[in-house]
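A quick write-up on the structure given underneath.
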Amino acid sequence: MSGSGPRENVFATRMALTNMKLRLKGAETGHSLLAKKRDALMTRFRAILRKVDEAKRKMGRVMQLASFSMAEVTYATGDISYLVQEQAKLATFRVKATQENVSGVLLPAFEVDRTPGSDFNLTGLGRGGQQVQRAKEVYAKALETLVELASLQTAFTILDEVIRATNRRVNAIEHVIIPRLDNTIKYIVSELDEMDREEFFRLKKVQGKKKRDAAIAAEKRANLEKAAKKAASKAPATDLLSTRDEDVIF
């Protein structure tokens with residue numbers, strides 16, 4: 001039976017059929033738009049995934065160089081942590097947060113704002129100045145790589161959640177909403193067809209009854225006319241001139 005699956009509880013009317021068709025069209029349009037959004041997000045997701053892999057590899061290399069440079073500083077000048085704590089006044093390495101719109105999804109993006117400062121100029125003045133400067137540059141590069149990795153990782157996490165939600169919506173529309181509306185439309189169409197057939201059969205029966213009644217009435221009129229003609233033919237003919245009318249005086 002058509003429309004035997006899950007469907008909406010509606011009355012089978014022309015208005016309900018029109019509403020169901022409009023809802024089905026809207027569901028198909030929404031499914032198409034969500035599918036396009038999912039494809040765009042998946043494309044960006046794969047690109048970010050490649051960048052995350054590259055950033056992690058780069059981070060490993062940079063941190064290895066930073067560790068070696070710090071070991072060189074420690075070997076050349078000893079422990080300089082107290083000098084760094086004393087000379088650090090203002091932050092020369094800042095992070096700015098911006099947003100990027102990708103198919104209606106706002107992805108945070110972190111950017112490095114590095115301002116030149118005069119801190120640590122006296123560090124390593126006696127010895128190991130070259131190692132200190134090299135360590136400073138390597139750690140600055142490590143921080144830049146870390147900020148880039150944090151931006152990519154945050155965007156990766158947000159995109160993963162949004163893609164999961166979009167996939168759930170697409171699957172719900174494709175496998176639940178659209179089949180339910182299709183079954184409802186099939187049910188309404190079948191019920192309307194059945195009502196049309198019943199109405200046609202009823203009209204046909206009424207028309208047949210009218211024809212039979214008309215035939216019976218015509219037959220009765222014909223019988224009456226035949227009886228009248230027969231009675232008229234059997235009655236004797238009368239001469240109007242041979243009879244005398246008492247009311248007429250002449």
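Some notes on this structure:
- Checked against the criteria, V189 counts as aliphatic (A, V, I, L, M) and closer than 30 Å to N9 by Cβ.
- Test for Y139: is it assigned to a helix (DSSP H, G or I), over 44 Å from the mean Cα position of the chain (by Cα) and modelled with pLDDT of 80 or more: yes
- A12 being closer than 30 Å to E161 by Cβ, open to solvent by less than 30 Å² (accessible area, probe 1.4 Å), in contact with a helix residue (DSSP H, G or I) (Cβ under 9 Å, 6 or more places away or on another chain) and of a type in the set (A, V, I, L, M, F, W, C): no
- Screening the candidates A172, A155 for the property of being under 30 Å from K36 (Cα atoms), free of Cβ contacts under 8 Å to residues at least 40 places away in the same chain and not hydroxyl-bearing (S, T, Y) yields one hit, A172.
- Taking region 35-45 as the range and being closer than 18 Å to L106 by Cβ and within 13 Å of the chain's Cα centre (by Cα) as the test, the residues that pass are K37, R38.
- Every test in (1) open to solvent by less than 60 Å² (accessible area, probe 1.4 Å); (2) closer than 20 Å to N171 by Cβ is passed by A66 save one, and that test is (2).
- With respect to the stated conditions, T154 is in contact with a strand residue (DSSP E or B) (Cβ under 9 Å, 6 or more places away or on another chain) and surrounded by 15 or more Cβ atoms within 10 Å (Cβ to Cβ).
The values are calculated or read from the model by the stated rules, or taken from the named source; none is laboratory data. Computed from a predicted model, the values in this text were never measured in an experiment. In this analysis, Cβ positions are derived from the backbone assuming ideal geometry, glycine residues included, and neighbour counts consider all displayed protein chains. Please note that ligands, DNA and RNA were not included when accessible areas were found on the heavy atoms of the full protein model with its side chains. Shrake-Rupley method; radii C 1.70, N 1.55, O 1.52, S 1.80 Å.
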